[in-house]
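Here, each number is a calculation from the coordinates, and none is a lab measurement. Source: prediction; values computed, not measured. All Cβ positions, even for glycine, are placed from backbone atoms using ideal geometry, and neighbour counts span all protein chains on display.
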Amino acid sequence: MASIDNDILSFSGDVAIPQAPPEFKSGFIGIIGRPNVGKSTLMNQLVGQKIAITSPVAQTTRNRLRGIVTTSEAQFIFVDTPGIHKPHHQLGEILVENAKIAIDSVDVVLFVVEGTVACGAGDRFIAELVTRSQTPVILGVNKVDQQPTDYQSIDESYQELANTYQWPIVKFSAKTGTGLPQLQTLLVENLDYGPFYYPPDLVTDQPERFIMGELIREQILLLTREEVPHSVAIAIDQVEETPSITRVLATIHVERDSQKGILIGKGGSMLKAIGSAAREQIQKLISGKVYLELFVKVQPKWRHSRFRLSELGYRIED
Ligand SMILES: Nc1nc2c(ncn2[C@@H]2O[C@H](COP(=O)(O)OP(=O)(O)OP(=O)(O)O)[C@@H](O)[C@H]2O)c(=O)[nH]1
Ligand SMILES: [Mg+2]
């Protein structure tokens, strides 16, 4: 049996989790908001590593993702969620449902809004939603690095929202990091004393295979247009590690033949571009050489089928 150091309280898998010092704080923080406001960018910036994919396309995030930050005074477990929107298919419903579950299961809700446009109906809908749970809420105004001409009226609209519900308000830029120390201070104030939930050096509990699939999906979001990026789901079929290279086989599921055509491109050019950009990202993730092979398969109406969604890893979980 391994000898156990006095400081070590428990084991998670093979990793020892030390005992937290007195007055250490910890807890789960749900990052909630409309699509495209910068929730995933914020989580990556806070964690200091790319855990969640981001893109200028709304509805990028599809799963609840955890990013962990441990300082000398606290452990923050950030839960990035899909943007809350009006769903048009089963996939959308599952995404929104998963965001709602996060609201009830976290210790603090960080409600992120778009600092470049005034508070709108979508924000007020989410405000009502988050206030219904008993969880404390912090209003986070993102993208302060961009200051549109009507900045003052935008600012006032969010001040008013915060006043209505008596929420603390904090302004930041997820992109540049401005204002994030202030956010962190406010979060510590809102957390209770608690243990290390994860080893202090862990940044995510997301399996590597899942992140690989997301990195492929990110390139599709960046390189294709309109309906195509929303119509894909990635399945990692095989990951084979050898001492010199990691072989990854993945299938891109689409809904229609026309989408398959777009993804493959003229003479396979699009698939090649997606593959080489995703391969670079996956190499960074695993710090090693990667051989990536992509297949494209038509799976009609997968976004509307609960069975297919579940097969592709999208389900309502709590
Ligand atoms: N200028 C500026 N752009 C930002 C900032 N934060 C995020 N963005 C951009 O906003 C877009 C959306 O960012 P995401 O992080 O994917 O947004 P999200 O809220 O996770 O979106 P969904 O997953 O679709 O709900 C991307 O193009 C980001 O680069 C910021 O602080 N400043
Ligand atoms: Mg996101």
Legend entry - Mean shadow area of the chain over all directions, Cα convex hull, nm²: 18.8 nm²
Inset, instruction - Could you line up PHE78, PHE295, PHE28, PHE210 from fewest to most neighbouring Cβ atoms inside 10 Å? - result: PHE295, PHE210, PHE28, PHE78
Inset, instruction - Considering only ARG225, ARG279, ARG34, give the residue with the highest GNM mean-square fluctuation for the chain, with springs between Cα atoms whenever their separation is below 10 Å. - result: ARG225
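Okay, helix-only estimate at 222 nm for the chain: each DSSP H run of n ≥ 4 adds -39500 (n - 2.57), divide by all residues, round to 500 deg cm²/dmol; what do you get? The partial results should precede the final answer.
Values: 10 runs with 115 residues, N = 318.
Rounded to the nearest 500, the figure is -11000 deg cm²/dmol.
Can you compute the FRET efficiency between ILE316 and SER244 using 1/(1 + (r/R0)^6), with r the Cβ-Cβ distance and R0 = 30 Å? Round to the nearest 0.05. Show your work: numbers first, answer last.
Details: r = 41 Å, r/R0 = 1.37.
The pair ILE316/SER244 has a calculated efficiency of 0.15.
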Inset, instruction - Would you be so kind as to identify all helices of the chain, as entire DSSP H runs, whose Cα atoms reach 24 Å or more along the helix's own axis and whose mean Kyte-Doolittle hydropathy is at least -0.5? - result: 269-286
Legend entry - Least to most buried among TRP302, TRP167 (fewest other Cβ within 10 Å first): TRP167, TRP302
Inset, instruction - Please state the charge dipole magnitude for the range 208-311, taken about the Cα centre, from unit charges on C-beta atoms (+1 on K and R, -1 on D and E), reported in debye and rounded to the nearest 20. - result: 240 debye
Inset, instruction - Check the straight Cα-Cα distances from LYS284 and name the lysines below 18 Å, setting aside those fewer than 8 residues away within the same chain. - result: LYS50
Inset, instruction - Mind giving me the FRET efficiency for GLN49 and GLN134? R0 is 25 Å, r the Cβ-Cβ distance, nearest 0.05 is fine. - result: 0.20
Legend entry - Which of MET212, MET43 has the fewest Cβ neighbours within 10 Å, and the rest in rising order: MET212, MET43
Inset, instruction - Could you pull out which residues in the range 110-153 have an amide N less than 15 Å from a spot 7 Å beyond the Cα of LYS86, following the Cα-Cβ vector? - result: 120-126
Legend entry - Set of aspartates and glutamates with alpha-carbon distance to LYS171 below 12 Å, sequence-local pairs under 8 removed: GLU114, ASP145, ASP155
Inset, instruction - Please build a GNM for the chain, connecting alpha carbons under 10 Å apart, and tell me which residue among ILE262, ILE94, ILE29 fluctuates the most. - result: ILE262
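With the cut-off at 23 Å, tell me which of the pairs LYS39/LYS100; LYS86/LYS272; LYS266/LYS297 have Cα atoms farther apart than that.
Numbers: LYS39/LYS100 15 Å; LYS86/LYS272 34 Å; LYS266/LYS297 17 Å.
Pairs exceeding 23 Å: LYS86/LYS272.
How do the peptides 182-195, 112-125 rank, highest first, by the average count of neighbouring beta carbon atoms within 10 Å per residue?
Details: 182-195: 15.1, 112-125: 18.4.
In decreasing order of mean packing, 182-195, 112-125 become 112-125, 182-195.
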